[in-house]
Structure formats: structure tokens, C-alpha cells
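Worksheet: one structure, shown below.
Coordinate-derived values only; no laboratory data. What you are looking at is a predicted structure, and each value in this text was computed from that prediction instead of being measured. Methodologically, a virtual Cβ is constructed for each residue, glycine included, from the backbone with ideal geometry; neighbour enumeration extends over all protein chains shown.
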Amino acid sequence: MAHKEQSIADIQAQMSQEGFWEHQEQANKVMQELKGLKNIVEPFLDCVRRVNDSKELLAMSGDDGDLNKQLSEDAAALKVQIDALELQAHLSGPFDGANALLSINAGAGGTESCDWASMLMRMYIRHTELKKFKCEVIDILHGDEAGIKNVTLRVAGEKASFLGNLQ
């Protein structure tokens, strides 16, 4: 984290230099890098702060049932956030930040498989909306009676290549 925090400071110093915004394409790349670093560092620091706050409250809680219940709920929420951070740590390869192409094919099974493929498409489109990705249908072939035979979706956004995390 210290290395990432230093990179954030370096980028912010670079942004304040005269002439930085004259080369718009390069400036956009630097801004994307800064955004990616902040998306890693800020949630991590928030988790550390929340753990420290919980430790202090736990030390003061004693036999206070309401406070202990609140701490338990906070711990459960913090676990979810830490699990998400752990996933982000695993997604640090060179292609993990890339966009994704998703293809769904009905296969054999007639109308039922076409219906199922249509449900999958709607599920993934809804998932991309919740994750604030941009999703567009590149190609679609509708079924003879209902549903779709196949569809190809283009999903754009940070870490869009990992659509498998359906949390």
C-alpha cells in the first residue's frame, strides 16, 4: 500500500505541473491510472480505519448488549468489504482491467434452451448495470419461437473482464 500511496502522490504532483493538461490523451491515461490506484487504496484505508474503530468500541463496550450487537453487525459488513478487497488483490494481472466480450449460446434443447439463454443474457446485463459497467449487444440471433439462440455482449469498465464475481 505504501508504494501505491506514493504513486498517488507522484501522479498528483505531476498533475499540478504546468503543461500537464496540454496533452489530453496522455493526461487521460494518467487520470485512469490515478483512479485505479485510488480504487485500491481508499477502500483498504477505510477497512483499516473501521477495524481500528471497532477495536476501540469493543474495548469500551463491556456488557452493553446493544453496542455488542452493533459491533457484530459492523464486523459482518466489514468482512464483506474485506472479501471484496481480497478479490481485487487477485485481479492485478495485466489483462484484469480490460473490457470483456461475453457470448451466450443456447445450444441443443429447443425453445427451453433459447428461453434459458435469454434469461442468462438479462441476468448478465442487469449485473453489468449494478456494477456500473457499460454493456452493449454486439450481435444477437433470436430463437424461432422465443428467447435467443445466441448473443454477444461487449462489457466495458474497470475490471469488466471478471464478470464471474456475481456478488
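A compact table of results
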| read-out | value |
| --- | --- |
| For a label point 7 Å along the Cα-to-beta-carbon line of V80, residues of region 110-143 with backbone N under 16 Å | 130-131 |
| In order through region 41-55: 3J(HN,Hα) via Karplus (6.51 cos²θ - 1.76 cosθ + 1.60), integer Hz, x for Gly, Pro | 6, 4, x, 5, 5, 5, 5, 4, 4, 5, 5, 4, 4, 5, 4 |
| Packing rank of 12-18, 113-119, 72-78, where each peptide gets the mean count of other beta carbons within 10 Å, highest leading | 113-119, 72-78, 12-18 |
| Global form of the chain, assessed from the alpha-carbon gyration tensor, a/c cut-off 1.5 | oblate |
| Rounded to the nearest 20 debye, dipole of the chain from Cβ charges on Lys, Arg, Asp, Glu | 280 |
| Helix-only [θ]222 nm of the chain, DSSP H runs n ≥ 4, -39500 (n - 2.57) each, per residue, nearest 500 | -21000 deg cm²/dmol |
| Set K35/K69; K29/K55; K4/K55; K79/K132; K79/K131 screened for pairs whose C-alpha atoms are more than 31 Å apart | K35/K69; K29/K55 |
| Listed residue (L57, M31, N105) projecting farthest to the positive dipole end of the chain, Cβ model | N105 |
| Qualifying GluC sites (Glu not before Pro) for region 119-158 [loop in DSSP, other Cβ within 10 Å: at most 14] | E145 |
